[in-house]
1. Tell me, what HN-Hα J-couplings in whole Hz come from the Karplus equation 6.51 cos²θ - 1.76 cosθ + 1.60 at θ = phi - 60° for each residue of segment 141-152, using x for Gly and Pro?
2. For D300 paired with Q28, estimate the spin-label separation in nm (one decimal), with each label point 7 Å from Cα along the Cα-to-Cβ line.
3. If r is the Cβ-Cβ distance from I5 to K141 and R0 is 25 Å, what FRET efficiency results, to the nearest 0.05?
4. Roughly speaking, what % of Cα-Cα pairs in segment 4-143 are separated by over 21 Å, rounded to a whole number?
5. Express as a percent, rounded to the nearest 5, the fraction of DSSP beta bridges in the chain (both residues included) that run antiparallel.
6. Could you work out the helix-only [θ] at 222 nm for the chain, with each DSSP H run of four or more residues adding -39,500 (n - 2.57) and the total divided by the number of residues, to the nearest 500 deg cm²/dmol?
7. Placing +1 on the Cβ of each Lys and Arg and -1 on the Cβ of each Asp and Glu in segment 135-209, which of I201, A137, V190 has its Cα farthest towards the positive end of the resulting dipole?
8. With point charges of +1 on the Cβ of Lys and Arg and -1 on the Cβ of Asp and Glu, referenced to the Cα centre of segment 147-317, which listed residue (H219, S295, G232) lies farthest in the positive direction of the dipole?
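Read the figures in this text as sums done on the coordinates, not as results from a lab. As the structure is a prediction and not an experimental result, all values here were calculated from the model. Neighbour counts are summed over all protein chains in view; Cβ atoms, including those assigned to glycine, are modelled from backbone coordinates with ideal geometry.
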Amino acid sequence: MLRWIDVLKFATVGNPVPAGKIERSDAQWRAQLTAEQYRVTRQQGTERPFSSGMCEFFDPGKYACICCGTMLFDSGEKFDSGTGWPSFTQPIQENAISYHKDGAHGVEVRCNTCGAHLGHVFPDGPVPAKLRYCINAVALKKIESKERKATLGGGCFWCTEAIFQNLRGVVKVESGYSGGEIPNPTYREVCSGRTGHAEVIQITYDSDKLSYEDILRVHMGTHNPTTLNKQGADTGSQYRSIIFYRDDEEKNIATRVLAEASEAHENSVVTGLAPFQAFFAAEESHQDYYKRNQSKPYCDAVIEPKLAKFRRTFVHLLG
């Protein structure tokens, strides 16, 4: 998760390396863009506040650069800033945006692929990152997407990540931390129990191929939701069973699935239910752990039996 200190570092020391570069002549940009799109993106202009209905749209999707089509922002990071311009808390990828000092307005942001002027970023956004990417709507193109995210905790994320990577419709599974008090915690800090974070996975999935309800049923069926702050030999609040919901619909679905789980278990289900606030990716050494370490004793003794049970129980959902 980027913070203001990261923005200042990029603007001062150097920007992240883009995935690629697109260069066109001024004549080519003029031929491709409308007069207003050209004025804003290629001449560092600013559209009038409240001149676009994009500020009011919060339905799922992604936002691409109007010039080159590079994906810049996800609707999940969009919020109502009341400023009259679309506002986001984070870019879709760290290297999607470049940062440039601007004495009049703070830090200018541009598309890191084609150099299009997008707007500015300010340190007055919502917690935890406290960033507000204030973007000209005319510089963006809304891309409809069926991709959704789900954030769940059910013990060691090495285990939960390995399970959900096998589901059909899953685009990406990332291990990380959520539900705590400090931004960008380290694994050691989370293990201390003092951050309040849980070990979680964040699942990106295609909602046309996999439902949120199915994800939660797999979650509740592949760990023990009746042991408080404990999964097998792993103990501590970081191993708690929890579901982080993003809206009222997800909350209602989670409430229903938890009720089903309560009926199926003799002991009380202690799975927590909380609104999603932030996800912090774990260190690279924790990503794709099972895939990279299948020969290690922990994978063989702990993860493989869970995977075998999962494959038998949820064969209809396997990818």
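1. Listing the rounded values in order: 10, 6, 10, 5, 8, 8, 6, 10, 10, 9, 10, 9 Hz.
2. For the pair D300/Q28, the computed spacing is 5.6 nm.
3. E(calc), rounded to 0.05, equals 0.25.
4. Values: 3556 of 9730 pairs.
So the portion of pairs separated by more than 21 Å is 37 percent.
5. 90
6. The helix-only estimate for the chain comes to -7000 deg cm²/dmol at 222 nm.
7. Of the candidates, A137 comes out farthest on the positive side.
8. Positive-most Cα among the choices belongs to S295.
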